Amino acid sequence: MAISEKSMKILWALSGGCCAICRTKLVIPPEVEKDDDSIIGEMAHIHPQSPGGPRASAPFDGNRDHHSNLILLCGNHHKLVDDQENGWPVERMRRVKSEHEAWVTRTLAFDASAAESKEPLFHMIQSGADLWSLIASAWSFLPSYSEENRTDAEIEQLISMLDELKDWMDIASSLESLKEQRDARRRMDEILEECVNSGYFLYSRKIRVQSSTGMNHSPMVWWQAEIRAVPIESFFELVHEHLDKKGHEKGGEATDADGE
Ligand SMILES: [Zn+2]
C-alpha cells in the first residue's frame, strides 16, 4: 500500500510543514522565478512499512500508511530516527509527533483569532466526540468558511455538512438513548472526515452570548458554537507566517538558518 494523498495532506498540514524534531521548514521557496518550491520533508513511518524496517519488533496491526502512523521530518532527522531505532522507539516517536502537532495547533489558534485577544481562541476539532460535545452544548450556531481555491463541488459538500451540523444541534437535546448519542458521535466522525476530503479543517470556539430582552426580565445568556472551516493550505501558510514572525521559539536545534 502507498500513502494516500489525503493522508499526506493531513500530515503536512498538522505538522505545519515543519520537521517535528527541529522545526526546520520543509518547503523552500525558489530564489528565482523559473524554479519551483523545493520539498525537503520526508514522511517517516513510526511502525515501519516493511517487516525488516526500524521499530519492526513493536506489534502493530493498524494501517501503516495512515497519517497517524507517520511523522513529518527533515532528511537529517529521518535518517537519524531510522538509524538509531533503539534511541527512537515507537513511544518516543509518538510523543514527539503529538507534541509537535499540538504546538502547531496552538500556533494557529493564536493566529486565527487575530487581534482581539480577549476573545476565546479557536481550536482545531480533533474528533467526532469533540465536535459532538460542542454541538450538543450550544444553543446557536455560527459557521464560516472561505471559498478560495475550492471547487464548487467541494464548497457544496462543506455547506451541506455545516447545515447538517445545525440540524444536529437542533435535535441534540432530544437524543436521550445511549445508542442515539453514539450514532450521533459516529456521524460527527464522518462529517469531520468529509470536511477534510473537501480540503478543510474545522476550528471551533464556544462563546457566551448575552442579549438584553428588555422588559423587567434579566438578560438572556446562552452558548454559541462558532465553527470556522479553515482551508488546509491556509492552515499551512498561517503556521509559516507565524514562524517567520516569531522565529523558532523553542525546541530548535536550529539548523542552518536561511541567513537573514
Ligand atoms: Zn529535523
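Just so it is clear, none of the values below were taken in a lab; they were calculated from the coordinates. Here the structure is a predicted model, which is why all the values come from computation and not from measurement. Cβ coordinates were reconstructed from backbone atoms using ideal geometry, including for glycine residues, and neighbour counts include every protein chain displayed.
In table form, for the structure just shown:
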| item | result |
| --- | --- |
| Dipole magnitude (debye, nearest 20) for the stretch 5-112, charges at Cβ of Lys, Arg, Asp, Glu | 420 debye |
| J(HN,Hα) series, the stretch 79-95, from Karplus relation 6.51 cos²θ - 1.76 cosθ + 1.60, nearest Hz, glycine and proline x | 5, 4, 5, 7, 5, 10, 5, 6, x, 10, x, 3, 4, 5, 4, 5, 5 |
| Karplus 3J(HN,Hα) series, Hz, for the stretch 162-170 with 6.51 cos²θ - 1.76 cosθ + 1.60 (x for Gly, Pro) | 5, 4, 5, 4, 5, 4, 4, 4, 4 |
| Potential lengthening between residue 218 and residue 6 on full extension [0.36 nm per residue; Cα-Cα distance subtracted] | 71.3 nm |
| Burial order of peptide ranges 164-172, 14-22, 133-141, 41-49 (average beta-carbon count within 10 Å, highest first) | 14-22, 41-49, 133-141, 164-172 |
| Phi-based couplings in Hz for the stretch 218-229 (Karplus 6.51, -1.76, 1.60; Gly and Pro marked x) | 6, x, 8, 10, 8, 9, 10, 8, 10, 10, 10, 8 |
| The stretch 5-112: Cα Rg divided by the 2.2 N^0.38 Å rule of thumb | 1.12 |
